[in-house]
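S.K.: Following this message is one structure expressed as structure tokens.
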Amino acid sequence: GAVVSQHPSWVICKSGTSVKIECRSLDFQATTMFWYRQFPKQSLMLMATSNEGSKATYEQGVEKDKFLINHASLTLSTLTVTSAHPEDSSFYICSARGLAGGVDIQYFGAGTRLSVL
Amino acid sequence: LAKTTQPISMDSYEGQEVNITCSHNNIATNDYITWYQQFPSQGPRFIIQGYKTKVTNEVASLFIPADRKSSTLSLPRVSLSDTAVYYCLVAPFSGGYNKLIFGAGTRLAVHP
């Protein structure tokens with residue numbers, strides 16, 4: 001199946017700094033990617049829809065100035081957590097649409113664990 | 001988007017068949033049913049997708065009754081490595097383009 005790669009897998013940063021997370025579709029083009037956040041023992045929560053060449057669409061309650069999304073190419077979307085604070089510590093996961101044997105699904109990256117000190 | 005309801009948790013033993021049922025009473029005509037598996041600190045992994053009747057792949061089977069208001073994921077002969085959270089999602093066929101709303105999922109624990 002299609003592969004979605006996330007980098008880094010784990011990042012620790014100081015409060016007030018910004019962190020960039022990359023999401024790449026390795027063997028296919030992705031005009032649409034999605035960003036999710038997951039807290040321990042909880043389900044995935046959709047943060048935003050990233051569209052290549054246009055502005056991201058954010059879910060209600062997600063601060064677009066806090067979580068900057070850039071989808072500059074068909075294989076790369078980035079999520080930047082600006083001025084990170086301890087409450088931003090979470091597991092961030094991206095996904096991209098792909099086809100597997102004719103099945104139209106979302107493929108997920110391995111996730112990025114962000115710890116803000 | 002159709003809301004889904006699943007059991008919060010299930011327990012099983014190695015070698016047994018596990019059936020996880022998901023309720024989606026408000027499923028729309030163009031909605032497909034997709035199941036994902038998630039291990040701790042990993043992204044969800046696609047298991048199976050279906051629209052009606054039965055779908056089978058090398059990993060699992062998906063049973064969907066005629067009214068499509070529920071679906072059952074069947075895992076044959078589970079092993080310890082099947083311990084994970086299983087999510088049932090409902091979305092239009094272009095599920096790749098549509099945002100997926102994850103419910104709480106079912107936490108499956110497989111015991112020796």
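The values are calculated or read from the model by the stated rules, or taken from the named source; none is laboratory data. Quantities reported herein were computed from a predicted structural model and do not represent experimental measurements. Every residue, glycine among them, receives a Cβ derived from its backbone with ideal geometry; neighbour counts consider all protein chains shown.
S.K.: Identify the single condition in (1) over 14 Å from the mean Cα position of the chain (by Cα); (2) at positive phi; (3) of a type outside the set (Asp, Glu) that A:Gly111 does not satisfy, given that it satisfies every other one.
M.R.: (1)
S.K.: Can you tell me which condition B:Leu100 does not meet? The list is (1) modelled with pLDDT of 95 or more; (2) within 14 Å of another protein chain (Cβ to nearest Cβ), and all the others hold.
M.R.: Condition (1) is where B:Leu100 drops out.
S.K.: A further question follows. Check off (1) touching a residue at least 24 places away in the same chain (Cβ under 8 Å); (2) out of contact with any helix residue (DSSP H, G or I) (no Cβ under 9 Å at 6 or more places or on another chain); (3) more than 14 Å from chain A (Cβ to nearest Cβ) for B:Leu89 and give me the number that stays unchecked.
M.R.: Failed condition: (3).
S.K.: Within the stretch B:42-73, work out how many residues are within 14 Å of chain A (Cβ to nearest Cβ), of a type outside the set (S, T, N, Q) and surrounded by 17 or more Cβ atoms within 10 Å (Cβ to Cβ).
M.R.: Here the count works out to 9.
S.K.: May I ask you to say which residue of A:Lys66, A:Lys41 is among the basic types (Lys, Arg) and surrounded by 13 or more Cβ atoms within 10 Å (Cβ to Cβ)?
M.R.: So the residue among A:Lys66, A:Lys41 that is among the basic types (Lys, Arg) and surrounded by 13 or more Cβ atoms within 10 Å (Cβ to Cβ) is A:Lys66.
S.K.: Right, next: Please work out if B:Ile64 is among the aliphatic types (A, V, I, L, M) and under 22 Å from A:Ala110 (Cβ atoms).
M.R.: Against the criterion (among the aliphatic types (A, V, I, L, M) and under 22 Å from A:Ala110 (Cβ atoms)), B:Ile64 does not qualify.
S.K.: For the stretch A:42-55, which positions are under 28 Å from B:Phe39 (Cβ atoms) and touching a strand residue (DSSP E or B) at 6+ places or on another chain (Cβ under 6 Å)?
M.R.: A:Leu44, A:Met45, A:Leu46, A:Met47, A:Ala48, A:Thr49, A:Ser50
S.K.: Tally up the residues in the stretch A:1-23 that are under 12 Å from the mean Cα position of the chain (by Cα), of a type outside the set (A, V, I, L, M) and either closer than 22 Å to B:Ile47 by Cα or more than 10 Å from every other protein chain (Cβ to nearest Cβ) (or both), please.
M.R.: 7
S.K.: Tell me yes or no: at least one residue of the stretch A:27-34 is at pLDDT below 95 and more than 11 Å from every other protein chain (Cβ to nearest Cβ).
M.R.: Yes, the stretch A:27-34 contains a residue that is at pLDDT below 95 and more than 11 Å from every other protein chain (Cβ to nearest Cβ).
S.K.: Can you name every one of the strands (runs of 3 or more DSSP E) wholly within the stretch B:35-112 that holds 2 or more residues which are aromatic (Phe, Trp, Tyr)?
M.R.: Answer list for the stretch B:35-112: B:84-92.
S.K.: So, one more: Just the residues that are away from chain B (no Cβ under 14 Å) and of a type in the set (Ser, Thr, Tyr), please, taken from the stretch A:78-117.
M.R.: A:Thr78, A:Thr80, A:Thr82, A:Ser83, listed by residue number.
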